[in-house]
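So the structure is just underneath, and the comments pick up after that.
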Amino acid sequence: MAELIHVIDDDEGVRLGLCALLEAKDYKSIPHASCEAFLNDYTAETTLCIVADLRLPGLGGLDLQAHLLGQAIDLPFIVITGHGDVSSAVRALKAGAVDFIEKPIDGKMFLSAVERAIRTRRAVLKTSAMLASAQEKFSNLTPREHDVLRHIVNGNPNKIIAHESGISPRTVENHRARLMDKMKAASLADLVSMALAAGLSSKSSA
C-alpha cells in the first residue's frame, strides 16, 4: 500500500503548494480542506505524516491531534499556523507533534520537518513489525521451550536449567538450539531481546 502524507488546510493555495513540494520529493500526498474531510478519507496504516493548520473551520489541527490520540492513533503531526499562535503550537508539541511551522512557510524548513516525521513513523512501524514477529514466534514454542527460555532470560546456565527442570544438560542444549532456530535468533543476546520484546519476564512461569 502507498505511504501517504496528508495535508490539511482550508487555504487551497497553501495545501496544493505543500503537496506540490512533497510530490517534487517523490512523496505521495493528499490535500484536504478540513479535518473532517481527512477523517473520512484516511487509513492509519498507510499514513506517514499529517500536516495540519492549527486554525480551521470546525476541527482545528489541535482538535484533530487530540481526537486521534484519544483513539490511541499516534501519527506524526506537523502543525502550521499563520496566526503567530505560538502557545497553541507549543501545546501541540507537548502532545507529541514533530514540529510547528509559521506561515509563510519556508519550503526547506517544511521538508526538513516532514523528513523527521517520516523517520519517526518508519521507526515506529519497524518496531511494531519486529514485536509482532517476535510474539508470533514466541506463541509457537512448546511449554518446555517456554520454560527453558524463561531460564535463559533469567541468566541461568545449562546446569541450573537442567536441575530445576528435571532434564539433562544435553536436553537443555537441544532445547536452546531449537529455540535459536524457532525464534530465528542470530545470537543468545538476540534471543533474549526477542523474548523480552514478546513479553516474557524472568519472573514468568512456563
Check your understanding: Under a 5 Å amide H to amide H cut-off, with H placed in plane at 1.01 Å, what residues pair with T47 once short-range neighbours are removed?
Key -> L4
Review point. Which of the residue pairs K28/K137; K25/K184; K94/K137; K28/K126 have a Cα-Cα distance greater than 25 Å in the structure shown?
Key: K28/K137; K25/K184; K94/K137
Revision key, fill the gap. 1/(1 + (r/R0)^6) with r = Cβ-Cβ of A197 and E102, R0 = 41 Å, i.e. FRET efficiency to nearest 0.05, evaluates to 0.55
Practice item. Report the full-extension gain for the segment S133 to S187: residue separation times 0.36 nm, less the Cα-Cα distance, to one decimal in nm. Key: 17.8 nm
Practice item. Find the centroid of the Cα atoms in segment 32-50 and in segment 166-194, then give the distance between the two in whole Å. Key: 44 Å
Check your understanding: Counting only residues 5 or more places away or on other chains, whose amide H sits under 5 Å from the amide H of K28 once H atoms are built in the peptide plane?
Key -> I5
Point to revise | Hz values of 3J(HN,Hα) by residue in segment 9-24 - Karplus curve (6.51, -1.76, 1.60), Gly and Pro given as x | key: 7, 7, 8, 4, x, 5, 5, 6, x, 5, 5, 5, 4, 5, 5, 5
Exercise for review: Return the distance in nm (one decimal) between the two label points of a simple spin-label model at S168 and D63, each offset 7 Å from Cα along Cα→Cβ.
Suggested key: 7.2 nm
Point to revise | Cα shape, segment 1-90, gyration tensor, a/c 1.5 rule | key: oblate
**Study point:** Placed amide H near I101: partners under 5 Å, 5+ positions off or other chain
**Key:** V79, I80, T81
Study note, to complete from the structure: From DSSP H assignment alone, runs of 4+ in the chain each adding -39500 (n - 2.57), the sum over residues rounded to the nearest 500 puts [θ] at 222 nm at -17000 deg cm²/dmol
Point to revise | Net charge of neighbours whose Cβ lies under 11 Å from the Cβ of F77, counting Lys and Arg as +1 and Asp and Glu as -1 | key: -1
Review point. Å³ per residue of the Cα convex hull, for the chain?
Key: 147 Å³
Practice item. Using label points projected 7 Å from each Cα along Cα→Cβ, tell me how many nm separate E12 and D26, to one decimal. Key: 3.2 nm
**Study point:** Rounded FRET efficiency, nearest 0.05, which uses the C-beta distance separating T142 from T43 and R0 of 25 Å
**Key:** 0.10
Check your understanding: How much length, in nm to one decimal, is gained on full extension between R116 and S87, taken as 0.36 nm per residue of separation minus their Cα-Cα distance?
Key -> 8.2 nm
Point to revise | segment 40-161 - charge dipole about Cα centre, Lys and Arg +1 at Cβ, Asp and Glu -1, debye rounded to 20 | key: 520 debye
Point to revise | Peptides ranked, highest mean first, by Cβ atoms within 10 Å: ranges 15-23, 128-136 | key: 15-23, 128-136
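Readers should treat all values here as calculations from the given coordinates under stated rules, not as data from a laboratory. Since the model is a prediction, treat every value here as computed from it, not as a measurement. Cβ coordinates were reconstructed from backbone atoms using ideal geometry, including for glycine residues, and neighbour counts include every protein chain displayed.
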